[in-house]
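Engineer: Quick one: this structure, given as structure tokens, is what I'll be asking you about.
The values are calculated or read from the model by the stated rules, or taken from the named source; none is laboratory data. If you're wondering where the values come from, they're calculated on a predicted model, not measured in any experiment. Every residue, glycine among them, receives a Cβ derived from its backbone with ideal geometry; neighbour counts consider all protein chains shown.
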Amino acid sequence: MTEHRLQVEELLADYRRSRAQLADVHQQLARVSATAQSADGLVTATVGARGELTDLVLDAEAYTRYRPSELAAHIVRAAKEATAEAFSGAEEILAPALGRSADPGAVLSGTADLSDDELAVGDEEDDDAGFEDQNWLDDSEWSKTR
């Protein structure tokens, strides 16, 4: 076998190993699930690895005990707690696959390739100032016909 052929075979073997590792990580992440309950146990939220709500159980008593806004607050709180737990589990799975140079939490939150400047919260009055009060439609003709 030529040296070039050996290099190609080595690269293909590395690719296959990486692909198998990626598939394994993907399968492990698919199994990540976390559940949290409200203090009284009337609201139970379950989420997946990225915090997506996969199950919500509301005890019948929750409908009579809470006003809609209170019930919503309990749901949100339980989902947030479950998401924090799920992210922790997902970070543990991703860390070995990503290596030391990558932050698993940043990868999960979608900020891994953003700089500090891009993540910084700036002044609201920068480039977009006043756009919400702007009328972008020429409705002068419409007004005349009414």
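Engineer: With the requirement that a residue be within 24 Å of G110 (Cα to Cα) and polar (S, T, N, Q), what does segment 32-78 give you?
Structural biologist: S33, T35, T46, T54
Engineer: Could you list, in sequence order, all residues of segment 48-64 that are within 22 Å of A84 (Cβ to Cβ), modelled with pLDDT of 95 or more and not aliphatic (A, V, I, L, M)?
Structural biologist: T54, D55 - these are the residues of segment 48-64 that are within 22 Å of A84 (Cβ to Cβ), modelled with pLDDT of 95 or more and not aliphatic (A, V, I, L, M).
Engineer: To continue, here is another question. With the condition being in contact (Cβ under 8 Å) with a residue 24 or more places away in the chain, surrounded by 11 or more Cβ atoms within 10 Å (Cβ to Cβ) and not small (G, A, S), I'd like the strands (runs of 3 or more DSSP E) fully within segment 1-65 carrying at least 2 qualifying residues.
Structural biologist: Hits in segment 1-65: 33-37, 43-48.
Engineer: Please tell me if E92 is surrounded by fewer than 13 Cβ atoms within 10 Å (Cβ to Cβ), modelled with pLDDT under 95 and out of contact with any His (no Cβ under 8 Å at 6 or more places or on another chain).
Structural biologist: Yes, satisfied.
Engineer: Okay, moving on. Yes or no: segment 83-98 includes at least one residue that is farther than 23 Å from L22 by Cα, part of a helix (DSSP H, G or I) and in contact with a helix residue (DSSP H, G or I) (Cβ under 8 Å, 6 or more places away or on another chain).
Structural biologist: Within segment 83-98, none of the residues are farther than 23 Å from L22 by Cα, part of a helix (DSSP H, G or I) and in contact with a helix residue (DSSP H, G or I) (Cβ under 8 Å, 6 or more places away or on another chain).
Engineer: Right, here's the next one. Keeping to segment 99-113, report how many residues are part of a helix (DSSP H, G or I) and exposed (fewer than 15 other Cβ atoms within 10 Å of the Cβ). Spell out the reasoning first.
Structural biologist: Taking segment 99-113 first, the residues part of a helix (DSSP H, G or I) are 104-109.
When the remaining residues are screened for being exposed (fewer than 15 other Cβ atoms within 10 Å of the Cβ), the result is 109.
Number satisfying all stated conditions: 1.
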